[in-house]
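The values are calculated or read from the model by the stated rules, or taken from the named source; none is laboratory data. Please read all numbers here as calculations on a predicted model, not as lab measurements. Cβ sites come from the backbone with ideal geometry, for glycine too, and all protein chains shown count toward neighbours. Protein only, heavy atoms only, side chains kept; ligands, DNA and RNA dropped before computing areas. Shrake-Rupley method; radii C 1.70, N 1.55, O 1.52, S 1.80 Å.
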Amino acid sequence: MGEVIGYLRPDKATYGEELVLQTLQASLPSDFIIYVECPLHDGRLERFPDFIVLANYGVVVLEVKDWVQIVEIDKYHARIRDRGNRTRRERNPVHVARDYALLLADELQKVPELLRDNRKLRVPWGYAAVFPNLPPSVLTQLRSVWGEPFVLGEADLGQPVVTRRLKATIP
């Protein structure tokens, strides 16, 4: 059982975020740590990725989207229909997760013990977007546009596949 540090804000957490947290906690080995909405600093701004998973092979940033229907996607955006039957345009959440991962990597670069002799980071990192409500057929479409390793569904978070799927996000 993965160790959880932090908590979801009860007034702001989505069903998908709660489901993903419960599934990760139950499915990950005990030496994995799940940071919940851990603040990352971007100049004067604070950013809050949904989850940062610290594993024995690196760190993975996860952005959860509670989407139930996708109308249209391209490399950079998605047009989604929400539960109120309204459509809106959203930025590619894989890119959002990547931006968070880059912020985290920048912070880790400030710790000398985490750098190799060539000043490169020793800690491998990855990122992904998680869509716990979407059916496998839609996830397949998302993977073909946004990248196979970077799109996860609810089934990817259970045992025994979760560690393999998270590791696949790390180049």
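Working ranking of peptides 38-45, 77-84 by packing, defined as the average number of other Cβ atoms within 10 Å per residue, highest first, is 77-84, 38-45. Once both labels are positioned 7 Å from their Cα atoms along Cα-to-Cβ, the gap between Asp82 and Gln159 label points is 3.7 nm. The alpha-carbon of Lys12 sits under 17 angstrom from the alpha-carbons of these lysines, leaving out residues fewer than 8 places away in its chain: Lys65. By the rule of a C-alpha distance below 14 Å, with chain neighbours fewer than 8 residues away ignored, the aspartates and glutamates paired with Lys75 are Glu90, Glu148. Within straight-line reach of Lys120, meaning a Cα separation under 18 Å, sit the following lysines at least 8 residues removed in sequence or on another chain: Lys110. Using the average count of surrounding beta-carbon atoms within 10 Å as a protection proxy, the listed peptides 54-65, 97-108 rank, highest first, as 54-65, 97-108. If I histogram all Cα-Cα distances within the stretch 1-69 using bins 5 Å wide from 0, what percent of pairs lands in each bin? Taking every Cα pair in the stretch 1-69, the percentages come to 4, 16, 26, 25, 17, 9, 3, 0.
If you wrap the Cα atoms of the chain in a convex hull and average its projected area over all directions, you get 10.5 nm². Judged by the mean number of other Cβ atoms found within 10 Å, the most tightly packed of the peptides 110-119, 12-21 leads the ranking 12-21, 110-119. Here the accessible area of the stretch 6-132 is 47 percent carbon and sulfur, with a 1.4 angstrom probe and all protein chains present. Rolling a 1.4 Å probe across the protein heavy atoms gives the chain an accessible surface of 55 Å² per residue.
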